[in-house]
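The values are calculated or read from the model by the stated rules, or taken from the named source; none is laboratory data. What you see is a predicted model; the values in this text were computed from it and never measured. Positions of Cβ are backbone-derived with ideal geometry, glycine not excepted, and every protein chain shown enters the neighbour counts.
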Amino acid sequence: MNWLITGGCGFIGLGLIKDLLASGGATIRTVDNFLVGTREDLAKACVFTERDPAKPETWGTDFAKDRVELIPGDILDDALARKLAEGMDVIVHLAGNTGVAPSVEDPRADCMNNVIGILNYLEAARHAGCKRFVFASSGATVGECEPPLHEEMPAHPVSPYGASKLAGEAYCSAYKRSFGMDTVALRFSNVYGPLSSHKNSLVARCIRRVMGDCPLRFTGTAATHGIFCT
């Protein structure tokens, strides 16, 4: 199957690419603007060939041989999204703004990246006839609730980030109902693992401090700027 992964140079993208290659039979195209992940990060997970985003006629050359194809680009470029989706069976949308604090600092930028970004790729998937669309959502859509959390809980986001991710889930639902697209939203929360040491998430910070034999001090609230370990 042909997979298009947005944000493939990020932590979750790298793990997915490694697993897909290990399973065999997958050819992968990824798009990234390198604001979080880098080409060097991608090189830790696979051998890839970088393509010129301005020359789509060169994409797919030796696609099966190279296995992973990297196209630099931004998810707000809807024309690029349409071109990238051609010939793809599955789109996994991982790219976008991450974290509560950045969304509080700049709600408009958070909305543009997380709402317009997913809309661009849902539209690209619809026009390309992709079989499945997978969206990286977040537990922040639920808001502040008593645990344990589950997917049947009413969503009451308390941050712009949670609101933008909830909007993405709503668009996935709408495209499934309106266009018959097979969509699924995954509510990640503080994901960590190999190659995540650079992240500023709560769990990653805690792990770094424990490994450095440093005390843990927690500040902030989920409703405002997020909870941080310092």
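Residue by residue through region 110-141, note down the ones that are surrounded by fewer than 18 Cβ atoms within 10 Å (Cβ to Cβ), within 16 Å of the chain's Cα centre (by Cα), at pLDDT 95 or above and farther than 11 Å from Gly168 by Cβ.
Listed by number, the residues that qualify are Met112, Arg132.
Could you list, in sequence order, the residues of region 177-194 that are farther than 26 Å from Glu105 by Cβ and surrounded by 15 or more Cβ atoms within 10 Å (Cβ to Cβ)?
Met181, Thr183
Being touching a residue at least 40 places away in the same chain (Cβ under 8 Å), more than 18 Å from the chain's Cα centre (by Cα) and assigned to a helix (DSSP H, G or I) is the requirement here; does Lys44 meet it?
In short, yes.
List every residue pair whose Cβ atoms sit under 9 Å apart, with the two residues 6 or more apart in sequence or on different chains, where the first one lies in region 133-147 and is within 23 Å of Asn2 (Cβ to Cβ) and not assigned by TED's automatic domain parsing to the domain that holds Gly8 and the second, anywhere, is in a loop (DSSP other than H, G, I, E, B) and among the aromatic types (Phe, Trp, Tyr).
Pairs found: none.
Look through region 64-74, keep the residues that are touching a residue at least 12 places away in the same chain (Cβ under 8 Å) and out of contact with any Gly (no Cβ under 9 Å at 6 or more places or on another chain), and return whichever of them is surrounded by the most Cβ atoms within 10 Å (Cβ to Cβ).
Ranking the qualifying residues of region 64-74, first place goes to Ile71.
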